[in-house]
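Below: the structure, in structure tokens.
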Amino acid sequence: LGLAQSRIRLGLNEPSARFSLNFCLLFLTERGDMKAVAKAGRKWFLPLIYKLERLKARSMKTFKRPILNVSCSAVATVAILVTVSLGVVMLGVCLAYPAALSSFDGNLFRVEEIVIEEISNSSKLYPTTSVIISGVGRNIAKYLRRLLPNIFKVCHNFSHFLVIFFENGSSDGSSRLLQAFVEKHENTVLLTGDFVASDRREVRLAQARNTVLKYIRSLNESYDYWINLDMDDVLSFAPIDPGMFRSALGRRDSWDVVCANTWPAWYYDRLALRTRIGPFKSEGCNEGEACHENRPVDLSGWLGKDLQGSRGIPSNHEKWIPVDSCFGGLAMYRMSSLTGAKNTSHCYYDGAADCEHVAFHECLRRDGGARLFIDPSMVPFELAEEEVPHSIAWCQRQ
């Protein structure tokens, strides 16, 4: 709007001014904010479009005064009705269209385009182990084209599996895509729930993760492990390496929870990280420190002197790292650590005062004696530092 105003104020009848108006209208309509559309039509679009037409008419020397005799209120009413109608039509087209918007740039795709590779029993990496894989998400459509094949690339390397998705409140077609995917593929479930209106993202995530956890605990069939993962960009940069679990499953009796080393060049997810040596409490930050989960940090303060000066954990780091809490975009849980056998069936996520993982892991440790580690070799794919979002090299490249 500012661009359009400035160009009109300078007397420029340029396509960019009209484009700016159209883009703003499209943005408001995409959000489904009809009140904002009507207000914008009355306050901004009508006067600016009128000025544009005056400029155009002057340039053609055909502008005539009688147009001013038209009632401003009548013109405004018509403009608002047309604008709202356009918004409703666009919204209806989006909902009825069999494909879903995967991003604002109009990148559309169908579930049928997602190719899931089958793996023969003789080629499975973990043929005697069963697994549940779950993820929660909202407005994640633009990541699903890569993420879904990655999830099933992992699943098909286990003896049998169940995939659980949780979605609610999306406005980008995520629900429609996931529902179509679940209808097409066996051993998949789509859960939803009432949207929690909270300013804290952690509260909303806790509600979603607890819905999944309750469903898992209600299952009659038993599984060996639960893999809980993020469904945004964290695990959708590149094809995943299903061999990332070899080390963990090779020493399966020595841990209850093991977290991924998602980006070895730049450790991800300090919000969920709690260690036995660091004085880091609320949201993984020093008191009074502005917090960002990918901010530059010397990991030796968190993980020990053998990582002095490092911002990431090398994938060939020899030692597993004991922690009080972690996630890193993906964590694997021994199913027995989540059940009544270890007196942890009451443990759930809580994001009211901290990262939702912290309270859950504290309960597992306190009441079930759970052993938590970061496995440096549990890397889904290798990324150079300049490819890791918010790293120094990435920011410099941007």
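The values are calculated or read from the model by the stated rules, or taken from the named source; none is laboratory data. As the structure is a prediction and not an experimental result, all values here were calculated from the model. In this analysis, Cβ positions are derived from the backbone assuming ideal geometry, glycine residues included, and neighbour counts consider all displayed protein chains. The accessibility values were calculated without ligands, DNA or RNA, using every heavy atom of the protein model including side chains. Shrake-Rupley method; radii C 1.70, N 1.55, O 1.52, S 1.80 Å.
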Estimated inter-spin distance, Leu219 and Ser120, nm [label 7 Å along Cα→Cβ]: 2.8 nm
Might you tell me the accessible area per residue for segment 329-398, computed with a 1.4 Å probe and given in Å²? 41 Å²
Of the listed links Lys124/Lys153; Lys124/Lys342; Lys124/Lys214, those spanning more than 21 angstrom between alpha carbons are Lys124/Lys342; Lys124/Lys214
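Arranged from highest to lowest average of other beta-carbon atoms within 10 Å per residue, in what order do the peptides 353-366, 311-324 appear? Spell out each step's value before the answer.
Working: 353-366: 21.4, 311-324: 17.1.
Descending packing order for the listed peptides: 353-366, 311-324.
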I'd like to compare 325-332, 345-352, 127-134: which one has the highest average count of other Cβ atoms within 10 Å, and what's the full order after that? 325-332, 127-134, 345-352
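At 0.36 nm per residue, minus the direct Cα-Cα distance, what do Asp241 and Asp324 gain on full extension? Give it in nm, one decimal, please. Numbers along the way, then the final one.
Values: separation 83, 0.36 × 83 = 29.88 nm, distance 2.65 nm.
Length gained between Asp241 and Asp324: 27.2 nm.
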Return the distance in nm (one decimal) between the two label points of a simple spin-label model at Arg110 and Asn343, each offset 7 Å from Cα along Cα→Cβ. 5.6 nm
Just grab the label-to-label distance for Thr128 and Arg252, each label 7 Å out from Cα along the Cβ direction, in nm (one decimal). 0.8 nm
